[in-house]
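Enquirer: What follows is a structure written as structure tokens; I'll ask about it next.
The values are calculated or read from the model by the stated rules, or taken from the named source; none is laboratory data. Please read all numbers here as calculations on a predicted model, not as lab measurements. Counting neighbours? That spans all protein chains shown, and the Cβs are built from the backbone with ideal geometry, glycine included. Note: accessible area is taken over every heavy atom of the protein model, side chains too, but ligands, DNA and RNA are not part of it. Shrake-Rupley method; radii C 1.70, N 1.55, O 1.52, S 1.80 Å.
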Amino acid sequence: DLRPLDILSEAVPARGMRVFQVQGVRGFQLSASRPRALGFPASRLFIHCDRFPEEFSIIVTLRALRRPAKRNEYIFTLMVEESPGVLVGLRYAPDKLHFLFWSQERAGGWQTRVTFPNVSLSDNQWHTLILAVSGQSFSLTVDCSVPKDVVVETPFPASLSVRRASFYLGNRRRRKGVFTGLLRQLVLLPGADATPRICHAVNFKVATTLSVPAVLQDVPAKPVSNEVLKHPYETDMKVTLGARPRCSKQEKAQFWFNASRRGLYLCNGSTWLSMLEVQHRLDYVEEYQNLVTNSETMGIEVFTIPKVGLFAAVANRITPPGSAIYRWTDGKFVHYQNIPTYQAQSWKYFTIGKKIFLAVANFEQNERGQEFSVIYKWSRRKAKFITYQRLTTHSARDWEAFVIEGEAFLAVVNHREGNNHNIDSVIYRWNPRTGLFETNQTIPTSGAYDWEFFTIGPYSFLAVANTFNGTSTKIYSHIYIWLSGSFQLFQSILTFGAADWEVFHIGDRVFLAVANSHSYDSGMPAPSNFYAINSSIYELNITAQMFVKFQDLLTYSALDWEFFSVGDDSFLVVANSFDGFTFSVNSIIYRWQGYEGFVAAHHLPTVGCRDWEAFHTAEGSYLLYSSAREPLSKVLKLKTT
């Protein structure tokens, strides 16, 4: 009978158990005064057989308090009457988890301890653990992240007797080491690895509960009358009115009502989360500001420097005067700083600790014949960006900054070297000792235009848009996954002059859109129009573990996608740049229509559109587009109802 065995439910009701609700989730708090009262005979679970399963999973959902570094606490034990030894048990320290079992292969037997290091549970947060056991293999999954696997010399016993044994919740039949946190789920699943049953959602961080006692479920069937469970949860609720208050750890779980927006917000310890708000809908788009630039603009980066303001860095083609940075002042972008660049293609804003950086991708050599792209650092004293590090690049098109496992990386797309488009692009790793970026990995690319970094659960991905291999634009672009300290090929997708990848989420669904710019193959007859070509949207298929095509949209030399939301509605805007006859082409905003996919909603007149950026201010929501054909970019305001 391979049904889940709910250890926690079997112990309810018992003296020494109280129900508390923390962070919206209920759990049992166990008393240390009478540890034996938190036990029950194992025969109540093992009805047909008095042997512990040889292969099984243990599923635990708990909230552990911060404890002294050397303190160990037991989650559960299985012990024989009048014997101090633990047949099976689970205990944790602040940074590790121990699984204990009794092996009887030798006379008298001995206890084996399997240790999982670097497991941080004592942080006052809810965690779900899945321990899968099979022979000498032990696997621990925490919050549906990457499993930690341990292989030991002593296998779990094939025939472990549970005669005259009892389960004890949160203790080993004595007061020392009693579990002090909250326990919500404790389930034994014989004969199977429970990970696929628990971690099946697209959002890998969300763990499904396998079995939870009725009193801990979200909506009890009836009020609890048991004296011990009289107060199902405790809370201190406070609602603040007026201007936006501070949201920090001290204000966590407090509410703020914004009368002007008719919205109710909850502080999660750092930001205000919308709980109830009148939702806006996009009605139409209006021209808001003509932004005259130094020259044609190849790319835009909109960013916010804390306590300073909102900025837009534009990558201008001609040097001098180079590229410009604009600051949002009194509801408009105003020129703030000029930076010498050399046919700049794009900017990337990122931070490392308290340091603020802005990297430019230069396409051409400087006046000395040197080809560098440059990282600039924000000077708080000068309130300007100053040169920080130069890196050798080859017709650089794009930078991407990201963090993996606490380490900062910066990836550059090298488009070509001379007439050779098949060259390496480079991933740099930040060296905290030297304070510089150093080469970490090279990846072969073909006339590449764009990097796109994204994460899905515990996994990190990097997609490259390959554009031209010297003879054709009909080539594969690649998605790489981070494994064992480097990026490795995950999937290849056929693209046509790919210029951009855009990843976005709608609910639990993950999408990846590619902008195809043109179709050209020197060995094939010329099509009627090189530039009228489908761009595609792909969706992650969890079962197949790959992206599959979801929708094709007709575009005209598409160079960029930008995803944004207004209220509950999701949108994609495409940068159409050339239709084969003119650069004056409508770029289109597509609205997400669920089953219908993305449907054209607004047609926006643009000239050689190269890049879109969506941004928000206190005054409203905006789109900013750059033109690669004229020294004029435009800010459009989204009018909502």
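Enquirer: Quick one: the Cα spread of segment 87-145 along its three principal axes, in angstroms, biggest first?
Expert: Principal extents (Cα only, largest first): 43, 20, 16 Å.
Enquirer: Calculate one ³J(HN,Hα) per residue across segment 529-545 by plugging θ = phi - 60° into the Karplus curve 6.51 cos²θ - 1.76 cosθ + 1.60, and present them in order as whole Hz with x for glycine and proline.
Expert: With the stated coefficients, segment 529-545 comes to 8, 5, 9, 7, 8, 6, 9, 10, 10, 10, 10, 6, 9, 5, 4, 7, 6 Hz.
Enquirer: Rounded if a/c is under 1.5, else prolate if a/b beats b/c, else oblate: with a ≥ b ≥ c from the C-alpha gyration tensor eigenvalues square-rooted, which is segment 539-641?
Expert: On the way: a/c = 2.07, a/b = 1.26, b/c = 1.65.
The shape class here is oblate.
Enquirer: Continuing with the same structure: Mind putting a number on the dipole of the chain about its Cα centre? Charges go on the C-beta only, +1 for Lys and Arg and -1 for Asp and Glu, and I need it in Debye to the nearest 20.
Expert: Numbers: 65 positive and 56 negative charges, 709 e Å.
Result for the chain is approximately 3400 debye, rounded to the nearest 20.
Enquirer: Past 30 Å, Cα to Cα: identify those pairs from K96/K249; K252/K307; K382/K637; K348/K637; K252/K549, in the order given. Mind dumping the intermediate values first?
Expert: On the way: K96/K249 26 Å; K252/K307 22 Å; K382/K637 32 Å; K348/K637 24 Å; K252/K549 42 Å.
Table pairs above 30 Å Cα-Cα are K382/K637; K252/K549.
Enquirer: For the chain, which span is the longest to avoid every loop-located (per DSSP) member of GluC sites (Glu not before Pro) having at most 14 other Cβ atoms inside 10 Å? Present the calculation step by step, with values, prior to reporting the outcome.
Expert: Numbers: sites that count: E81, E82, E105, E153, E227, E234, E364, E367, E405, E619.
Excluding the exposed sites themselves, the longest stretch runs over 406-618.
Enquirer: Give me the accessible area per residue for the chain, probe 1.4 Å, as a whole number in Å².
Expert: Details: 29850 Å² over 641 residues.
It amounts to 47 Å² per residue over the chain.
Enquirer: Cα gyration tensor of the chain, axes a ≥ b ≥ c as square roots of the eigenvalues: rounded (a/c below 1.5), prolate (a/b > b/c) or oblate?
Expert: prolate
Enquirer: If you don't mind, another one. Quick check for you: which residues of segment 593-620 have the amide N under 17 Å from the point 7 Å beyond the Cα of T640 toward its beta carbon?
Expert: From segment 593-620, the list is 614-620.
Enquirer: If one computes the Cα centroid of segment 443-473 and of segment 358-421, what distance in Å separates the two points?
Expert: 17
Enquirer: Follow-up question, since we're still on this one. Under 1.5 on a/c is rounded, so check that first for segment 593-641, then, if it is not, pick prolate when a/b is larger than b/c and oblate when it is not; a ≥ b ≥ c are the square roots of the alpha carbon gyration tensor eigenvalues. Before the final figure, lay out each step's value.
Expert: Working: a/c = 2.51, a/b = 1.28, b/c = 1.95.
It is oblate, given that a/c is not under 1.5 and a/b is not larger than b/c.
Enquirer: Could you tell me the convex hull volume per residue, in Å³, taken over the Cα atoms of segment 282-640? Before the final figure, lay out each step's value.
Expert: Working: hull volume 52.5 nm³, N = 359.
That works out to 146 Å³ per residue.
Enquirer: Can you list the HN-Hα couplings for segment 430-435, worked out from phi with the Karplus curve (6.51, -1.76, 1.60; θ = phi - 60°), rounded to whole Hz and with x for Gly and Pro?
Expert: Values per residue, Gly and Pro as x: 6, 9, x, 6, 8, x Hz.
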